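> Okay, handing you the structure first.
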Amino acid sequence: MRVIGIIAEYNPFHEGHQYLIDEAKRLVADPRAIVMTVMSGPFTQRGLPSVSPKHIRAREALLSGVDVAIEIPFTFACAPSERFAGGAVELLYRTGVVTDLAFGVDCKDPGLLEELSLVEPDEDVLKKALAEGKSFPAARAEAILSNYKGSADADVVSDTLRQPNSILALDYLRACKSMNTGFKIHMIPRKEGCSATAVREALAKSNTASTSSIADALMNKMPDKALSVMLSSLSHKEFSIPDHEEYLKDTSLEVRRSRDLSSYAYMTDGLDGFIRNNIDKDLRTKHFTMPRIYRAIASLMTGQDADYVKDEKHVQYIRVLGFSNNGKYCLKIMGKCARLPIISNASDALELYSSNPRLRKQFELDLLSNDVYARYAKMDPGYEWKLPPVKVK
């Protein structure tokens, strides 16, 4: 059985995601192939609450060709590229059933990414670039280019490394190599004109309190099935689009309430002081990327401390968000092959708490992140305990 792993956020699910699923199936050329997506929960890799709840995004994906949806734990989902990629790849590997990994790339020559993934960044160049005030992604790209000895033009390599999706692709490839996953890799050029950022910008310009306004803004930007799921859920008041301004306003209260920010994850290099001094002002600065700032704030809001992120390098469970009929068969096999406990309902985790304190800590962070998210999505804070996996035919 071929099982295609896809790492995604679906924030929201758009035409590019549909293209990636369809193209991955075409490349594998097995009509019985299963598509398994590992996706973010309530917070995204960039550090902000997602547009819609994870179970809504899982349903959108399952109606669009995905067979199994599993969740990346908060500590890896809301994290820098290397940690995000490592957690996602490890999850797919620990299922024991994934054979292929497919992801989108901006690079015109995927072979160059394969080549660059083998290049170790020059540590001296990295430290120098960081000391000059460059962001970590920019400094890391410069450090990789410094050690690159291949035949590609330096400008081409530099342009490739400046693409955020290229850095993620490199980290996927590095994670696969370090874990010796054996996955067959499919790097698929992204469909032009499809961008989650563009969809979110269109959504932000709409009246998010009006379902018809949202429908007008997102028509032809999301596949019909996915858009229908979102609109139906909104009309039935299952959730509201989170207000990021309200969220950031509340974070300013939390910052003023906290005596010491330095113990929280990602608050190093003076970011704790910067946030404290600027939380009520414009947080944009050349010294820190906005995702870095938002991830630090998310850690504050959920109580994720720096020592935990430093010490915990591995996912502790497989959290099933939903499945199709074909996916149900895959899950049955996964139950025999998985190298991690499988959690279908939140209550399943309780049975594992006493025997696995690392699982408990990681899952409790998930619960906290869901509670924070629920506040801004106008949902019941305990919704995580009430939702079974999404099932579609």
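> Before we move on, is Leu101 surrounded by fewer than 23 Cβ atoms within 10 Å (Cβ to Cβ), of a type outside the set (S, T, N, Q) and either at pLDDT 95 or above or in contact with a Ser or Thr (Cβ under 9 Å, 6 or more places away or on another chain) (or both)?
No; evaluated as a whole, the condition is false for this residue.
> Among the residues of the range 366-373, is there at least one that is surrounded by fewer than 15 Cβ atoms within 10 Å (Cβ to Cβ), touching a residue at least 24 places away in the same chain (Cβ under 8 Å) and part of a helix (DSSP H, G or I)?
No: zero hits.
> On to the next question. In the range 216-224, is there at least one residue being at pLDDT 95 or above, surrounded by fewer than 16 Cβ atoms within 10 Å (Cβ to Cβ) and touching a helix residue (DSSP H, G or I) at 6+ places or on another chain (Cβ under 8 Å)?
no
> Additional query: I'm trying to understand the selection: among the residues of the range 281-318, which are over 16 Å from Thr251 (Cα atoms) and β-branched (Val, Ile, Thr)?
Thr285, Thr289, Val309, Val315, Ile318
> Are any residues in the range 215-270 of a type in the set (A, V, I, L, M, F, W, C) and outside any helix (DSSP H, G or I), and if so, which ones?
Listed by number, the residues that qualify are Met219, Met222, Phe239, Ile241, Leu261, Ala265, Met267.
> I'm trying to understand the selection: among the residues of the range 273-302, which are among the small types (Gly, Ala, Ser) and either touching a His at 6+ places or on another chain (Cβ under 7 Å) or loosely packed, with under 15 Cβ neighbours inside 10 Å (or both)?
Hit for the range 273-302 is Gly273, nothing else.
> I would also like to ask the following. Determine, yes or no, whether Cys330 is touching a residue at least 40 places away in the same chain (Cβ under 8 Å), buried (at least 16 other Cβ atoms within 10 Å of the Cβ) and more than 21 Å from the chain's Cα centre (by Cα).
Yes, satisfied.
> Here is a follow-up. Answer with yes or no whether Ile293 is touching a residue at least 60 places away in the same chain (Cβ under 8 Å), over 30 Å from Arg2 (Cα atoms) and of a type in the set (A, V, I, L, M, F, W, C).
yes
The values are calculated or read from the model by the stated rules, or taken from the named source; none is laboratory data. Remember, predicted model here, so these are calculated numbers, not experimental data. For neighbour counting, all protein chains shown are included, and Cβ atoms are generated from backbone atoms with ideal geometry for every residue, glycine included.
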